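Have a look at the structure below, then the notes.
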Amino acid sequence: MTSVTATVDPLPGMTTLGMSMTKLRSVLLALCLVVAGVVLPVGVAAAGTPGRVVSVEPLPANLWLPNTARAYRVQYTSHNVRGRPSVVSGAVFVPTGRTPRGGWPVVAWAHGTVGIADNCAPSTNGRSQRDVDYLKAWLGAGYAVVATDYEGLGTAGEHPYENGGAEARSVIDLVRASPRVDRSLGSRWLAVGQSQGAQATMFTGSIVESYAPELDFRGTIATGMPSQWRTLAEVAHVYDPAAPPIPEALLIISGLAVAHPTTVHPSELLTPLGKDLLDKSRATYCYDDLAAQLAGKTNADIFAIDDNERALVQNLVDEDAEIPVKEYAGPIFIAQGTADTVVYAPASKTTADNLTAAGNDVTFHFYPGADHDTTLQAALPDLLAFAAAHLTP
């Protein structure tokens, strides 16, 4: 990007020292965005039309990923968990180097669990070193990265945690919006996600053909994918009163309440302590904060779910979060570490087999000794090869 120095003359009757610094910063920001090739929206994006840019601003330097030439924080339109128009935030990272013919191929990154409060949104709160190292490799390989925060993280409304359809729309609509943010982005793209984000990418592959048929979608990559939720709940002892609680279980109660407000009432499913922790999680706690508060507790300290409520919760989780077994758009790569204790590793193989039986082109690899975090680096050479094979013009 060419360096630009702008001299701003004061308006008649004003001295330079008297000019508002806010106004000066706005002028300089506008100049920088124009040079970067940003298309700024005129007014508010059309209500009900997904994938329109609502606002764009340079991402602060401390939130840039390595191998990035330009980076932006974006707000864009989507459809929320109940199908209504909404605004979602995210970030766009353009790699260094010369733009290839046809534009940079795009990796739509779907992040893992960070929490459900607005201040947990990665576009403002930053990313784990694990994710930074992973995304650095994608940028270094010549892919633009567009990274949604998901509905309700950093924008109005609550986050419908683990609602696959809502997450997928957030992923897809940022892909729609991104070429309006930076003209160097091309049309070819993959959905790439980890953990919660792996679920988001799987739902993306399952709905993109009907939801956004105009997009040039090339496939799905999922690592550390949660699936077979009934089995996962048993393995994690979610309903054992004496077992230690896991943060994800409390966040799922919140997500179900967002998606089904007339059916799921957290005050009926949680103890007073559990409800207090949920309220704090919606307000300010991120994942690590919640995990620290749950340390030393039992499920009985947090949850008050009887057998009928358990059946309701499990059925809704199946409805909202279970990986769809149907024909997907494009090929699928599922990478699973054998030492992963956050999700149930054999369940990923079961899901992969079911998807193959449904007629999909599925590549599944176990990575011996890799856990929920280290699977990303263990699988990276295979994933980059998969991307190169399927993102060719």
Residues satisfying the stated conditions in the stretch 319-354, i.e. closer than 21 Å to P245 by Cβ and of a type outside the set (V, I, T)
D320, A321, D340, Y344, A347
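Assess whether I221 counts as being closer than 20 Å to L316 by Cα and touching a residue at least 12 places away in the same chain (Cβ under 8 Å).
Details: closer than 20 Å to L316 by Cα: no; touching a residue at least 12 places away in the same chain (Cβ under 8 Å): yes.
Criteria not met by I221.
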I'm checking my understanding of the structure. Among residues of the stretch 250-267 that are of a type in the set (S, T, N, Q) and in contact with a helix residue (DSSP H, G or I) (Cβ under 6 Å, 6 or more places away or on another chain), which one is farthest from D320 (Cα to Cα)?
S267
For the stretch 271-294, name all the residues that are without any contact (Cβ under 8 Å) to a residue 40 or more places away in the chain and either farther than 26 Å from D149 by Cβ or assigned to a loop (DSSP other than H, G, I, E, B) (or both).
T271, P272, L273
Output the residue which, of all residues in the stretch 126-149 that are out of contact with any helix residue (DSSP H, G or I) (no Cβ under 6 Å at 6 or more places or on another chain) and of a type in the set (D, E, K, R), is surrounded by the most Cβ atoms within 10 Å (Cβ to Cβ).
D131
Confirm whether P247 is within 19 Å of N163 (Cα to Cα) and in contact with a helix residue (DSSP H, G or I) (Cβ under 9 Å, 6 or more places away or on another chain).
yes
Which of the residues that make up the stretch 271-285 are crowded, with 22+ Cβ neighbours inside 10 Å and not polar (S, T, N, Q)?
G274, L277, L278, Y285
In this structure, is A347 buried (at least 22 other Cβ atoms within 10 Å of the Cβ) and of a type in the set (A, V, I, L, M)?
no
Going through the stretch 48-62 in order, the residues found to be assigned to a loop (DSSP other than H, G, I, E, B) and at pLDDT 95 or above are P50, G51, R52, L59, P60
From the list A339, A321, A347, pick out the single residue that is more than 18 Å from G193 (Cα to Cα), of a type in the set (G, A, S) and out of contact with any strand residue (DSSP E or B) (no Cβ under 6 Å at 6 or more places or on another chain).
A339
Report the residue count in the stretch 78-113 for those that are out of contact with any Ser or Thr (no Cβ under 8 Å at 6 or more places or on another chain) and exposed (fewer than 15 other Cβ atoms within 10 Å of the Cβ).
7
Only one of V44, V39, V81, V87 that is in contact with a strand residue (DSSP E or B) (Cβ under 8 Å, 6 or more places away or on another chain) and modelled with pLDDT of 95 or more:
V87
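Every residue in the stretch 367-387 that is assigned to a helix (DSSP H, G or I) and either touching a residue at least 60 places away in the same chain (Cβ under 8 Å) or of a type in the set (S, T, N, Q) (or both), please.
T375, L376, Q377, A379, L380, L383, L384, F386, A387
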Taking into account only those residues within the stretch 78-106 that are part of a loop (DSSP other than H, G, I, E, B) and small (G, A, S), which is nearest to E319 (Cα to Cα)?
G83
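The values are calculated or read from the model by the stated rules, or taken from the named source; none is laboratory data. Predicted, not measured: the structure shown is a model, and the values here were computed from it. Every residue, glycine among them, receives a Cβ derived from its backbone with ideal geometry; neighbour counts consider all protein chains shown.
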